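Taking it in order: structure first as structure tokens, then the write-up.
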There are 2 protein chains.
Amino acid sequence: MSIPHNRKRPMCHALNGTPLSSSVVDDASPENSHTAAVNRADQLFVPPLNFSMVDYGIYRCGFPDIPNFPFLKSLGLRSVIYLCTEPYPEANMHFINSNGIRLFQFGMEGSKESFVNIPEGLFRSALQVLLDERHRPLLIHCKRGKHRTGCLVGCFRKLQNWCLASIFDEYQRFAADKARVPDQRFIELFDISSIKNLPSSTPPYFKSRNR
Amino acid sequence: MSIPHNRKRPMCHALNGTPLSSSVVDDASPENSHTAAVNRADQLFVPPLNFSMVDYGIYRCGFPDIPNFPFLKSLGLRSVIYLCTEPYPEANMHFINSNGIRLFQFGMEGSKESFVNIPEGLFRSALQVLLDERHRPLLIHCKRGKHRTGCLVGCFRKLQNWCLASIFDEYQRFAADKARVPDQRFIELFDISSIKNLPSSTPPYFKSRNR
């Protein structure tokens, strides 16, 4: 699978601009490749179950465990939004404390099956935290990153003016065969009219750049 | 689903810090709520099929169509990495030209079923574009955002030192019942040892912030 040094450039159309530079790809001797591979294998990251980026400075996942901590550390988190009722495990508590991460726990029962049990007030409070940029980068998680996390992200997408079809598509991608109609109905009926400070769709990092 | 003004604050533990502020949630009269809802309905965004954020300034999706353009415009894209052989449709070409977006087309056949047909050189060139921060924010897409896009994102995750289990988990989340073992084998065997400028795991936006 190594790339010969004299390999011809493959078909690539770079439209509206200058040709591609080749600065990224370097000639690699077998010795260097081996060393690099060994070094990389030593520090492989293990993102938590169902991990994904939601938006700038907002991540989601299932319950993180010890093997995930080096990866989470690399994200430079400031906050964790934790959506379960159970106390945060000792190892996780140690991780966030030793990395200066603030924990926001909104205790929601995970066994909910019917719409009436979804705690709207808790989602509203969790959104408060989520919308405050001072808390980012932040990580949202529950147990499996499907239902509670999916509902919170769904409410956030409403604030971003996503259409419901796209919100449900995203919800279902993470919930997979565990997708629940009541969760999606909750997102549909969740009233965002009283929530101010709508998040900008323009990424903050690129706001200051001149195009 | 409206929230009474005197609703009690739900259970929320804000650990390691000050109490939550309530600045985000405002009292909403029925009239104001209705107006806000109408305004929002007028500008609902329609993200493309299989849309997601990959990393800071990197997005992925299936083929965008006209209803998706207002949403894509909101992302402030600088570049599109397009992984199909077919010419870019006129409407899409008009969209990117009128928004100053640069198109990088790497023509890969979508009907590949076997490993030997996966064009490694094209993926390597596409990675060059992807790794150059000057091209971001950028959008990667093919037809359905499953296989070609999934392979490119998988190679990018290798550069981020993700373990293969997590890379495949992400690939499968987007490919769903269309997941292909040859695609995942390609990602596994893809040699990253010759690629420099490894992307930092620290988000660029937050680098300049003091914690």
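The values are calculated or read from the model by the stated rules, or taken from the named source; none is laboratory data. Computed from a predicted structure; not experimentally measured. Here the Cβ is made from the backbone with ideal geometry for all residues, glycine too, and neighbour counts use every protein chain on show. Keep in mind that these areas ignore ligands, DNA and RNA; they rest on the heavy atoms of the full protein, side chains included. Shrake-Rupley method; radii C 1.70, N 1.55, O 1.52, S 1.80 Å.
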Exercise for the section: Identify all residues within the stretch A:95-120 that are at the interface with chain B (Cβ under 7 Å from one of its Cβ atoms), at pLDDT below 95 and surrounded by fewer than 18 Cβ atoms within 10 Å (Cβ to Cβ); write none if there are none. Expected result: A:107
Fill in the blank from the handout: residue B:164 passes all but one of the listed conditions (1) within 11 Å of chain A (Cβ to nearest Cβ); (2) open to solvent by less than 10 Å² (accessible area, probe 1.4 Å); the exception is number (2)
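Quick grid of which residues meet (1) more than 25 Å from residue B:74 (Cβ to Cβ); (2) facing chain A (nearest Cβ under 7 Å); (3) at pLDDT 95 or above; (4) open to solvent by 10 Å² or more (accessible area, probe 1.4 Å):
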site: B:133; (1), (2), (3), (4): no, no, no, yes
site: B:139; (1), (2), (3), (4): no, no, yes, no
site: B:149; (1), (2), (3), (4): no, no, yes, no
site: B:152; (1), (2), (3), (4): no, no, yes, no
site: B:155; (1), (2), (3), (4): yes, no, yes, no
site: B:171; (1), (2), (3), (4): yes, no, yes, no
site: B:188; (1), (2), (3), (4): yes, no, yes, yes
site: B:193; (1), (2), (3), (4): yes, yes, no, yes
site: B:207; (1), (2), (3), (4): no, no, no, yes
Practice task
Test residue A:92 against the stated conditions and say whether it is farther than 30 Å from residue B:138 by Cα, more than 7 Å from every other protein chain (Cβ to nearest Cβ) and surrounded by 22 or more Cβ atoms within 10 Å (Cβ to Cβ).
Solution key: yes
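Being in contact with a helix residue (DSSP H, G or I) (Cβ under 9 Å, 6 or more places away or on another chain), within 18 Å of residue A:130 (Cβ to Cβ) and in contact (Cβ under 8 Å) with a residue 12 or more places away in the chain narrows it down to one of A:104, A:63, A:71, so name that one.
Numbers: A:63 fails: within 18 Å of residue A:130 (Cβ to Cβ); A:71 fails: within 18 Å of residue A:130 (Cβ to Cβ).
Answer to the check: A:104.
Quick one: is residue A:123 closer than 22 Å to residue B:165 by Cα and more than 7 Å from chain B (Cβ to nearest Cβ)? Talk me through it step by step, then tell me what you get.
Values: closer than 22 Å to residue B:165 by Cα: no; more than 7 Å from chain B (Cβ to nearest Cβ): yes.
Judged against the criteria, residue A:123 is not a match.
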Practice task
Can you run down the residue pairs with Cβ atoms below 6 Å, 6 or more apart or on separate chains, where the first is in the stretch A:134-147 and farther than 15 Å from residue A:71 by Cα and the partner is assigned to a loop (DSSP other than H, G, I, E, B)?
Solution key: A:135/A:78; A:136/A:57; A:143/A:63; A:143/A:110; A:144/A:62; A:145/A:50; A:145/A:62
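Name every residue in the stretch B:173-183 that is open to solvent by 40 Å² or more (accessible area, probe 1.4 Å) and more than 18 Å from residue A:170 (Cα to Cα), in order of residue number.
Initially, the stretch B:173-183 is screened for residues open to solvent by 40 Å² or more (accessible area, probe 1.4 Å), giving B:176-179, B:181.
If the condition is that a residue be open to solvent by 40 Å² or more (accessible area, probe 1.4 Å) and more than 18 Å from residue A:170 (Cα to Cα), then B:181 is the only one that fits.
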Completion exercise
Note on residue A:71: of the conditions (1) open to solvent by 30 Å² or more (accessible area, probe 1.4 Å); (2) facing chain B (nearest Cβ under 9 Å); (3) at pLDDT 95 or above, unmet is (1)
